Structure formats: structure tokens, C-alpha cells
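Engineer: First the structure, then my questions, so here it is.
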Amino acid sequence: MIEFSVNKTRANLDVDPSTPLLWVIRDHLGLTGTKYGCGIAQCGACTVHIDGQAVRSCVAPVSRAAGKEVTTIEGLSPDLSQPLQRAWIEEDVPQCGYCQSGQLMSAAVLLREKPQPTDDDIDKAMTGNICRCGTYPRIRKAIHRASGNVAKGGAR
Amino acid sequence: MSGANASPTERSHQKMSRAIHRREFLKVSIGAGGGLLLGFRLGGTGETLAMQNGSAASFAPNAFVRIGTDERVTVIVNHSEMGQGVYTSLPMLLAEELDADWNKVGFESAPVDAKYNHPVFGMQMTGGSSSVWSGFEQFRQAGAAARAMLVAAAAQQWNVEPSKCRTDSGAVFDPSNRKLTYGQLAEAAAKLTPPAQVPLKDPKTFKLIGKPAKRLDTSDKVNGKAVFGIDVKMPRMLIAVVARAPIFGAKVRAFDDSRARSMSGVHRIVAVPSGVAVIADSFWQAKMARDALHIDWDEGTMSSFNTNEMMRQFREQAKLAGKSVRRDGDADATLAKAAKRLEAVYEVPYLSHAMMEPLNCALDLRSDSCEIWTGTQFQTVDRANAAKIAGLPDEKVQIHTTFLGGGFGRRANPQSDFVVEAVHVAKAAGVPVKVVWTREDDMQGGWYRPAFLHAIAGAIDANGKAVAWRSRIVGQSIMAGTPFEGMADLKGKGYDPSSVEGADDLPYEIPNLAVESHQMEVRVPVQWWRSVGHSHTAFATECFID
């Protein structure tokens, strides 16, 4: 049995402890907002938080979450009120949308650690999150917007 | 909650609301002629659609729009949303002519039906950067027809001339500014006969078209609610991962599943035409068991194939004249006596479409029906191919198009490879099943952008002016053997126009221009990809110009 909390709800699961957290979240807990892209921590689509740290859940065994607090995109806010979600809507960031859960979860950690990031801070923090549609300029703009720097960002 | 799919609990709500809705819908739609809209599905604007659909009877004048007594305007979109924004752009076209309140507009993915066929390609599909231009009249006409009926319904109530009424933001106004909203008029409008043809707006009066609008699907894409094919859930659903041939065309001779069978969560392991499918409770269990299989492959003729050798053959081929695609003047003669002659060879490799969302397909296959949930760009073709394997007539197969985590053409497969395989797996599973490809499966799965070789020779005269250009393009055809073969006139032309597009209409003024094609037979499965021929012709021609 592995016990941890997901989006403030306690989960108690009888799963192989080596199972990647991603598949426990998706298949066992039914939270499909966290995406599978590569399975080898190269694309960032599966990014979640374990105790507030951004983690690639596709390579993190569920045992790593034991006793900890996991936050997924569904737990970012109950009502789209998280500043990043609002900024994402305002800047019309997503296209196909598949990578955006991971983008948001990475951005959330960045803003907590650096509430006023520069373009370089953003590029560094977001470099592990691939977007096949190429929404990067809008992602950067939306992060600035969420941080209060509405005028900044965009394509260079 | 958007798209055609939902969690098990949501599905049962959907079924309930569907029944209620259908009853009310039939009641209000009586006399609406050919406008009956059955087999609708749920879509959305981010609200709980089960409630939305259940709460309001609707006016459905045609296959593309439904207006509820709750003022909701639902646009049924016949193209797949893969990032290009058709769940917003096509509703905009309809809402423009309807004079709808944009804040009340939502979307739904269309079921498979001939009435949702692409007006140019004659089948339900998304591709060729064609959704907006091909739907431009279609969606506007649908909106204009609905508007005319709402105006007629209001005019009847007020006993005024319809031509004296105007519409704005989801309501009809009479000359004295009395107002009836579309929701208030929905029931009355549903009793009218849809007009055949309605004049469209003068583009100068457009309020939505050509103006920025926020995408309708963003909310669901920033809170995890958007349902992609890989997210589909059904009660009792199992997950399958397939061990596919490591070499194109290889077949399973025998397999040993003794270890895999005993692994936790594994239900069944079966041979399917594409390989061996492991059906398990969850993806990870299925994948681990799949990786524990020992398969003896009959490798077939492609076991000695390698792309270096293929490119060497392409280079040899390029030394010969190919099928003429375009001939202006005499490039060969000009090249032979040129003051300066330049030659270059450009090679581009096979490319995977590499969508962020790996391929997948969920099915509920029963003895008399088949329901498919997947992110596809090729509904008509997929349905026909799935029906064949399922042994069902086409109309017993329904496809629920989910959001696509990228398409780039891969999800418009001429043989419906990822759908057909899932039907085979579902036959063995006996319960609803979702086949999920790993990233590696997806990258190795073929149907690539073909490798091409361009051999270009150019001549410059004594004044430094480009006077001759000869381009020989060597590679596989993507249209051969597909539904587009006839339309592209492959047999008549003797070459595949999509192999040479961008090279045969070179924008530079060169008096002696020859473009030739060598169509090669290689047993690597290939298909269209984003930008099609231009992805390699632009590279070769522009590099040579530089």
C-alpha cells in the first residue's frame, strides 16, 4: 500500500511501487489532465508537483510520492482562478493543448521561486517543456502577465 | 467538459440527458423538414454539458447549429481540433451570419455522417489547410438560414414584415425595438421550414469574421478537462499495448508469453495482424508485460533495407532524366553551354510526425455496433475501414472525435492503421478497450514523411543572370493507393504532384526550367505530413538559390 495525497485528497493505493507516478495518476486515480508524451522525462507533458517541486511523473516511481503531497493540473485551482490559468486564457496560449498542463505546472514553480522572472529566467525554467505547436512566445508572455508584467514578453 | 467523451459517471449523465433531450428535441423540431439532428453528441464551452443539453430544448435548423431555449448556440464542427483553432474559427463563421451573442456560442464535434463531408474532398476529414476556406460558405449559410427562421418566427409573433426586423447579439428586434431573444424564439422557429438559400452578409458588415476572438477551448485546456483520445475512459475498459513488428512488413511467426501472462493486471495476450497485443488493467501493466514477450518474427524482405543504400540508389537515379513535370525552354542545352554551371544535391530523411499525443484508439465493440473514440483527421475512411474489420455495416460504426494532441497528417491514415488495429484488439478483448502507443511505438510506427533527394543543376550566363534550372526530385509517392490518387491524377500525370509542389511552380524567373520526377518504390510506409511537398522542396530550392 502506498499512501499520499493528490490535490489535497488522500489516496491509498495497492500498486507496484515502481509504477511511474504518471500512470497511477492517470489510470488508477483517473486524473487525465497530466499527459503522457515521451515516458523518458524529455518533453515535460507529465509535470506535476511533489511537495511543491516540479517532477516529471513519467519517470518518478509512485514510491517517491509516498507520504507526500502531489498536485496535478486539476489541483492548480478549482475554478480557473490561478493567475497563470487566467493569463493563459487572456493570451490564448494553447493550440492543441496537449502540453499545456505540464507547461502550467512548470510555470507555477517558476513564479513561486521567482515572482518577477526575466525572459532568460523563463526560458531556463521552461526549457524542459516541449510544445509541438510552438506556443513558446505566448507562454512567455502569459508568464509575464501572471507575474504582473503585462507589457513584457513575446517573441524576440 | 468538452468533446465527445467523458468519464464513466459523466457518460451515464450524458445518456440520461441525451434521452431527455432527444424527446424534447423531437417535440420542438416537428415540421422542421430535413433539419432533424439525431446522433448528436456533447461538446462544450467548459461548462457541464450534460446539464446544458438536458436543460434546454433546441431549435436545430440544420446539421451545423442548435439553439437552446437557454440561449446557448451550439455549433457542430465537422473538422477536427488539433491546435489550428477550428472549434473557434468555424463557429465564428456561423455566429457571424446568425448574429449570435458570441458569449453564448459553444462547439461540439460532429458525428460521422455524409452531411459533414468536406465540401471539396467529399469525405469527412481535416487536412490540407482547408477547414476555414472550405467551410466559409457552408457555415455562414447554416447561420444565415437559422437567422432567417428566427426572424420569421419573431415576425409572425409581432405580425410584422420579416424584412422590417433586424438581429443583433442573439436577438430579433422589430422597427419599434421590441425584442425577442433566440432562446425565446427557438420553439417557434423549430416549427418553420428551413429556407433553401439565404443571402449572406456584405463582408463590410462583419462583426466577428476578421476580428480577434478568444478561442472557445482554452479553459478546458488549462485545467486538465479537455479530453484527448488518450484520456477516454469507459466502464470496464482495459488498456492494450501492442508489440509491433521491428521491421516494416515483418510478421509474427510465434511468441512466448509465459512470463508476460503471469504479470499483474494482465488479462489477455493475443496475436493481431500488426503484432501481439497485451490487454491489461492499466497502461503500465500492459507495457511491462508487452516488453516481457518473446516474439519470433518472420522478418520479410525489408530486413536488409537501410536508408544509406536507398539514398545511394536515389543518387544514381538522379543521374537519369525523370518524368517531365515542367519544361520551359531547354534547360539541358543551356546547361551544356553555360558560362557557369552549379550543381548540388539535397537529401532529406524520413520524418515522423511526432505528435505530442502518441497514437491511441478506444473502442466499445459489440455484436451489433462499434463506438470509437479517437483523435482522428479521417472520419469517413476510418469508419469504413473499422466497419470492414468489425463485420458491421458503416452506419453501425460511430466515431467520437476527441481533441487531437497534434495531427500533422498522421491521424489521417489512408489505411486507418491505428483504428483498424484497435478493432482487432477489441475483438479479442471482449470489453471496451483503449489501445495506447508508447512514444517509441509512435516514432517507429512508420507512415513517415518520405525521404527525398533533389538534384539541382543551374546555369548562369556571362552577365551573372540565372538562365537555366534543372531539378530532379527522387522519392516515394504519398498519394499512390490512397483516396486522393484519382483526384491528384497520378496515373494520367505519371508523377505525384505532391512530390514536386513548390519546385514545379518556382517563383523565380528562369527562362529554361526543367522539373523532373523519379517516383521510387520503397516498402517504408509513408503518408502526407504538414505542408506536404513544400517541407522538402522549399528547403532544396531556396538553398540552391542562396
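Engineer: What is the helix-to-structure angle for A:136-147, meaning the angle in degrees between its Cα long axis and the longest Cα principal axis of chain A, kept from 0 to 90 and rounded to the nearest 10?
Structural biologist: With rounding to tens, the tilt is 90 degrees.
Engineer: Counting only other chains, what is the mean number of Cβ atoms within 10 angstrom of the Cβ of each residue in peptide B:270-282?
Structural biologist: For peptide B:270-282, the averaged partner shielding equals 1.
Engineer: With N residues in segment B:154-254, what two-decimal value do you get for its Cα radius of gyration over 2.2 N^0.38 Å? Don't jump to the answer; show the numbers that get you there.
Structural biologist: Details: Rg = 25.9 Å, N = 101, 2.2 N^0.38 = 12.7 Å.
So segment B:154-254 has a normalised radius of gyration of 2.04.
Engineer: Continuing with the same structure: Net charge near B:A429, counting Lys/Arg +1 and Asp/Glu -1 over other residues with Cβ under 11 Å of its Cβ?
Structural biologist: Local charge sum for B:A429: +3.
Engineer: Now a separate question. A 29 angstrom limit on the alpha carbon distance is what I want to check against. Which of A:K8/B:K427; B:K319/B:K491; B:K233/B:K287 exceed it?
Structural biologist: Long pairs (Cα-Cα over 29 Å): A:K8/B:K427.
Engineer: Just want to confirm a number: the relative contact order over chain A, from Cα pairs under 8 angstrom separated by 6+ residues, in percent. Intermediate values should be presented prior to the final figure.
Structural biologist: Numbers: 274 pairs, mean separation 34.6, N = 156.
With pairs under 8 Å counted, the relative contact order is 22 percent.
Engineer: A follow-up question, please. Over all distinct Cα pairs, what is the inverse of the mean 1/r for segment A:2-74, reported as the Kirkwood hydrodynamic radius in Å?
Structural biologist: 11.7 Å
Engineer: Now, a different point. What does the structure give for A:74-80 when I average, per residue, the other chain Cβ atoms found within 10 Å of the residue Cβ?
Structural biologist: 3
Engineer: Continuing with the same structure: As I understand it, the dipole of chain B uses +1 on the Cβ of Lys and Arg and -1 on the Cβ of Asp and Glu, about the Cα centre. Which of B:G533, B:T88, B:G128 lies farthest toward its positive end?
Structural biologist: With unit charges placed on the Cβ atoms, the residue in question is B:T88.
Engineer: If you place +1 on the Cβ of every Lys and Arg and -1 on the Cβ of every Asp and Glu, how big does the dipole about the Cα centre of segment B:281-401 come out, in debye to the nearest 20?
Structural biologist: With only Lys, Arg, Asp and Glu charged at Cβ, the dipole is about 820 debye.
Engineer: Specify, per residue and in Å³, the volume enclosed by the convex hull of the alpha carbon atoms belonging to segment B:339-442.
Structural biologist: Considering the Cα atoms of segment B:339-442, their hull volume per residue is 130 Å³.
Engineer: Something else: Relative to the longest principal axis of the C-alpha atoms of chain B, give the angle of the C-alpha long axis of helix B:131-158, reported between 0 and 90° and rounded to the nearest 10°.
Structural biologist: 10 degrees
Engineer: What whole-number value in cubic angstrom gives the convex hull volume per residue for the C-alpha atoms of the protein assembly as shown?
Structural biologist: So the per-residue hull volume is 186 Å³.
Engineer: How far, in degrees from 0 to 90, does helix B:307-317 lean away from the longest principal axis of the Cα atoms of chain B, to the nearest 10?
Structural biologist: 70 degrees
Engineer: A follow-up question, please. Starting from the Cα coordinates of segment B:86-180, work out the convex hull volume and express it per residue in Å³.
Structural biologist: 104 Å³
Engineer: May I pose another question? Could you name the lysines in cross-link range of B:K179, using Cα to Cα under 23 Å and dropping any fewer than eight places away on the same chain?
Structural biologist: Straight-line reach from B:K179, under 23 Å: B:K104, B:K164, B:K191, B:K201, B:K207.
Engineer: Over segment A:83-147, with a single point scatterer placed on each C-alpha, what log10 of the ratio I(q)/I(0) does the Debye formula yield at q = 0.20, 0.22, 0.23 1/Å?
Structural biologist: Values, matching the q order: -0.66, -0.82, -0.90.
Engineer: Given charges of +1 on the Cβ of Lys and Arg and -1 on the Cβ of Asp and Glu, with all other atoms neutral, how large is the dipole of chain B about its Cα centre, in debye to the nearest 20?
Structural biologist: 920 debye
Engineer: Could you estimate the translational diffusion coefficient of segment B:413-546 from the Stokes-Einstein equation, with Rh from the Kirkwood formula over C-alpha pairs, at 20 °C and 1.002 mPa s, in whole µm²/s?
Structural biologist: 124 µm²/s
Engineer: For a quick check: sort B:D505, B:D441 by the number of other beta carbons within 10 angstrom, fewest at the front. All intermediate terms of the calculation are to be shown ahead of the outcome.
Structural biologist: Details: B:D505 10, B:D441 20.
Taking fewest neighbouring Cβ atoms as first place, the list is B:D505, B:D441.
Engineer: If you split all Cα-Cα distances of segment A:1-130 into 10 Å bins from zero, what percentages do you get per bin, shortest first?
Structural biologist: 13, 46, 32, 8, 0
Engineer: If each DSSP helix of 4+ residues adds -39,500 (n - 2.57) and the sum is divided by the residues in the protein assembly as shown, what number results at 222 nm, nearest 500 deg cm²/dmol?
Structural biologist: -8500 deg cm²/dmol
Engineer: Counting alpha carbon pairs within less than 8 Å and at least 6 residues apart, what relative contact order, in whole percent, applies to segment A:83-147? Can you show the working numbers first?
Structural biologist: On the way: 58 pairs, mean separation 34.2, N = 65.
So the answer I get is 53 percent.
Engineer: Could you give the distance between the Cα centres of segment B:155-221 and segment B:296-375, to the whole Å?
Structural biologist: Spelled out, the Cα-based centre of one part sits 50 Å from the other.
Engineer: For segment A:1-36, which trypsin sites (Lys or Arg not before Pro) pass both filters: DSSP loop (anything but H, G, I, E, B) and at most 10 other C-beta atoms within 10 Å? Numbers along the way, then the final one.
Structural biologist: Values: sites: A:K8, A:R10, A:R26, A:K35; in loops: A:K8, A:K35.
Those that pass, being in a loop and sparsely packed, are A:K8.
Engineer: Then there is this: Given 4 °C and 1.567 mPa s, how large is the Stokes-Einstein diffusion coefficient of segment B:210-322 in µm²/s, with Rh as the Kirkwood radius over Cα pairs?
Structural biologist: The estimated diffusion coefficient comes to 72 µm²/s.
Engineer: Could I ask something else about it? Translational diffusion coefficient of chain B at 20 °C, 1.002 mPa s, Stokes-Einstein with Kirkwood Rh over Cα pairs, in µm²/s as a whole number.
Structural biologist: In µm²/s, the coefficient is 82.
Engineer: A further question follows. At a 10 angstrom cut-off on C-beta neighbours, averaged per residue, how do the peptides B:466-479, A:92-105 rank from highest to lowest?
Structural biologist: Ranked by mean Cβ neighbours within 10 Å, highest first: A:92-105, B:466-479.
Engineer: Then there's this: How large is the charge dipole for segment B:355-417, taken about the Cα centre, if only the Cβ atoms of Lys, Arg (+1) and Asp, Glu (-1) carry charge, to the nearest 20 debye?
Structural biologist: Roughly 140 debye, rounded to the nearest 20.
Just so you know, all these numbers are worked out from the coordinates, no wet-lab data involved. What you see is a predicted model, and the numbers here were worked out from it, not measured in a lab. Don't worry about glycine lacking a Cβ; one is built from the backbone with ideal geometry, like all the others, and counts go over all protein chains shown.
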